[in-house]
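Every read-out reported here was derived from the displayed coordinates using simple, explicitly stated rules and does not represent laboratory data. Computed from a prediction, not measured in an experiment: that's the story for all the values here. All Cβ positions, glycine included, derive from the backbone under ideal geometry; neighbour counts span all protein chains shown.
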Amino acid sequence: DGGITQSPKYLFRKEGQNVTLSCEQNLNHDAMYWYRQDPGQGLRLIYYSQIVNDFQKGDIAEGYSVSREKKESFPLTVTSAQKNPTAFYLCASTLTGGNSPLHFGNGTRLTVT
Amino acid sequence: GIQVEQSPPDLILQEGANSTLRCNFSDSVNNLQWFHQNPWGQLINLFYIPSGTKQNGRLSATTVATERYSLLYISSSQTTDSGVYFCAYGGTSYGKLTFGQGTILTVHP
């Protein structure tokens with residue numbers, strides 16, 4: 001079945017450590033996205049990528065980094081510079097960035113203590 | 001920056017009731033989508049609707065681009081409709097989608 005796989009579902013880290021969240025899709029989608037959701041809040045865009053080897057900052061990119069070396073993969077690194085990293089992270093993809101439905105993975109809940 | 005506002009923030013219904021959720025946006029629209037987030041955090045795409053009207057079972061959506069709003073209609077609500085409904089707006093920044101704060105819907109049996 002085609003879909004978006006985020007792993008792991010739950011992730012625990014100590015403050016000061018970098019952590020990388022995985023996102024893989026087998027939908028042959030061109031565009032991929034990372035969003036952050038805090039309790040009771042909407043989704044805020046961290047980074048997005050419309051083609052391989054290219055990505056753009058979203059609204060809250062500080063403290064995060066991404067890469068897009070393969071079409072199907074868009075990993076997100078939460079660095080120690082991110083002041084409040086504990087959140088629910090959602091990866092999404094769409095066939096083309098501008099005019100097709102967005103589909104989400106099941107998310108990774110990151111807790112940093 | 002772009003403003004995406006959803007109303008109402010909270011909505012409580014009895015099973016079988018109808019409801020209308022609204023999404024206002026502050027600029028020209030190229031991309032407008034509606035999503036449902038279930039209690040486990042899964043986000044499901046309900047509609048891709050930058051303009052016009054679409055229907056899918058008990059749900060329908062309308063976007064009036066000239067007046068900068070979109071509506072999501074839920075008819076004969078069921079308890080499984082509970083969750084958070086988000087609209088996501090895309091304007092002139094190609095590929096960038098901005099989400100509203102959501103409407104929390106609770107349907108009681």
Selection over the stretch B:82-105 where residues are farther than 30 Å from residue A:30 by Cβ, surrounded by fewer than 20 Cβ atoms within 10 Å (Cβ to Cβ) and either in contact with a Pro (Cβ under 6 Å, 6 or more places away or on another chain) or not hydrophobic (A, V, I, L, M, F, W, C) (or both) yields a count of 1
Exactly one of B:60, B:77, B:70 is part of a loop (DSSP other than H, G, I, E, B) and more than 10 Å from every other protein chain (Cβ to nearest Cβ), and that one is B:77
Exactly one of A:86, A:77 is away from every other protein chain (no Cβ under 14 Å), over 13 Å from the mean Cα position of the chain (by Cα) and of a type in the set (Val, Ile, Thr), and that residue is A:86
The number of residues in the stretch B:27-43 that are surrounded by fewer than 14 Cβ atoms within 10 Å (Cβ to Cβ) and touching a Lys or Arg at 6+ places or on another chain (Cβ under 9 Å) is 1
So, first residue of a type in the set (Gly, Ala, Ser) in the stretch B:49-63, second residue surrounded by 13 or more Cβ atoms within 10 Å (Cβ to Cβ) and assigned to a strand (DSSP E or B), Cβ within less than 6 Å, six or more apart or across chains; the pairs are B:51/B:63; B:60/B:73; B:61/B:34; B:61/B:47; B:61/B:54; B:61/B:72
Check: Can we say residue A:111 is more than 14 Å from chain B (Cβ to nearest Cβ), assigned to a strand (DSSP E or B) and closer than 23 Å to residue B:37 by Cα?
Finding: yes
Looking across the stretch A:59-108 at residues that are part of a strand (DSSP E or B) and without any contact (Cβ under 8 Å) to a residue 24 or more places away in the chain, the single one that is surrounded by the fewest Cβ atoms within 10 Å (Cβ to Cβ) is A:70
Contact list, first residue from the stretch A:30-46 and facing another protein chain (nearest Cβ under 8 Å), second anywhere and assigned to a loop (DSSP other than H, G, I, E, B) and among the β-branched types (Val, Ile, Thr), beta-carbon distance below 6 Å, six or more apart or interchain, is A:44/A:60
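Tell me which residues, restricted to the stretch A:4-46, are over 21 Å from residue B:95 (Cβ atoms) and in a loop (DSSP other than H, G, I, E, B).
Answer for the stretch A:4-46, where residues must be over 21 Å from residue B:95 (Cβ atoms) and in a loop (DSSP other than H, G, I, E, B): A:8, A:9, A:14, A:15, A:16, A:17, A:18, A:38, A:39, A:40, A:41.
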